[in-house]
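Q: Could you have a look at this structure, given as structure tokens, before my questions?
The values are calculated or read from the model by the stated rules, or taken from the named source; none is laboratory data. Since the structure is predicted, the reported quantities are computational estimates derived from the model, not experimental observations. Note: ideal-geometry Cβ built from the backbone for every residue, glycine included; neighbour counts use all protein chains shown. Side chains are part of the model used for accessible areas, which takes the heavy atoms of the whole protein and leaves out ligands, DNA and RNA. Shrake-Rupley method; radii C 1.70, N 1.55, O 1.52, S 1.80 Å.
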Amino acid sequence: MDCLSSSYYYNDISDRKDLRSEAHTVDGKSGWLLVSEIYVNNHPGVKGDQIAIVVVDTGREGKLSIFVSEAPIGDAGRISAVNTALDSLKVEP
């Protein structure tokens, strides 16, 4: 999250609020889920984004899989779509 929230996408961050940070399983594989709100300044009408990151150990030596999503804070439709995507993640062989 630190890398993503410090990139050129968010060059004027005013705050970060972690909503979830917990063990997460994808298709029987162990991983971690971090969901945060990144707040920005100087963008009228834009609070920032809710970012979800999942990192999964797929069992492949030295490799991890990652899922990243961004939805505007307060955009219930897009946040719902992200949650649907999180619930549907699969690990392919």
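Q: DSSP loop (so not H, G, I, E, B), at most 13 other Cβ within 10 Å: list which GluC sites (Glu not before Pro) in region 37-93 pass both filters.
A: Passing both the DSSP loop test and the Cβ count: E61.
Q: Summarise the accessible area of the chain (1.4 Å probe, protein heavy atoms) by the percent that is carbon and sulfur.
A: Numbers: 3030 of 6060 Å².
Answer for the chain: carbon and sulfur cover 50 percent of the accessible area.
Q: Rounded to the nearest 500, what is the chain's calculated 222 nm mean residue ellipticity when only DSSP H runs of at least 4 contribute -39500 (n - 2.57) each, over all residues?
A: Roughly -5000 deg cm²/dmol at 222 nm, from the helical runs in the chain.
Q: Turning to a different aspect of this structure: So what's the Cα pair-distance distribution over the chain, bin width 10 Å, in %?
A: 16, 44, 29, 10, 1
Q: Whole number in Å², please: accessible area per residue of the chain, 1.4 Å probe, ligands, DNA and RNA not counted.
A: Details: 6060 Å² over 93 residues.
Accessible surface, normalised per residue, equals 65 Å².
Q: G77: net charge of surrounding residues, Cβ under 15 Å, Lys/Arg +1, Asp/Glu -1, itself excluded?
A: Neighbour charge sum, excluding G77 itself: -2.
Q: Apply the Karplus curve 6.51 cos²θ - 1.76 cosθ + 1.60, θ = phi - 60°, to the phi angles in region 77-84 and return the couplings in whole Hz, x for Gly and Pro.
A: So the J values, rounded to whole Hz, are x, 6, 5, 5, 5, 4, 4, 5.
Q: A further question follows. All other residues with a Cβ under 15 Å from the Cβ of H24 taken together, and with Lys, Arg as +1 and Asp, Glu as -1, what is their net charge?
A: Values: positive: R20, K29, K90; negative: D18, E22, D27, D57, D87.
Every neighbour counted, the sum reads -2.
Q: Leaving ligands, DNA and RNA out of it, rank L64, L33, L19, L4 by accessible area with a 1.4 Å probe, largest first.
A: Sorted by accessible area, descending: L64, L19, L4, L33.
Q: Right, here's the next one. So what does I79 come to for accessible area, using a 1.4 Å probe and Å² rounded to 10?
A: Here the accessible area works out near 30 Å².
Q: Still on this structure, I have one more. List the pair-distance distribution P(r) of region 47-93, using every Cα-Cα distance, as the percent of pairs falling in each 10 Å bin from 0 up to the bin containing the longest distance, rounded to whole percents.
A: Percent of pairs per bin, in order: 25, 44, 23, 8.
Q: Taking DSSP loops as anything outside H, G, I, E and B, show the longest stretch in the chain free of trypsin sites (Lys or Arg not before Pro) there with at most 10 other beta carbons within 10 Å.
A: 1-59
Q: So, one more: How about K29: which lysines have a C-alpha closer than 29 Å to its C-alpha, ignoring those fewer than 8 places off in the same chain?
A: K17, K63, K90
Q: Is there a quick way to get the dipole size of the chain? I mean about its Cα centre, with the Cβ of Lys and Arg at +1 and of Asp and Glu at -1; what is the value in debye to the nearest 20?
A: 100
Q: Amide H of V26: which non-local residues (sequence gap of 5 or more, or other chain) have their own amide H closer than 5 Å, using H built in the peptide plane?
A: G31
Q: Compute, for S5, the solvent-accessible surface of its heavy atoms (probe 1.4 Å) with the complete set of protein chains present, and express it in square angstrom to the nearest 10.
A: S5 has an accessible surface of roughly 10 Å² with all protein chains in place.
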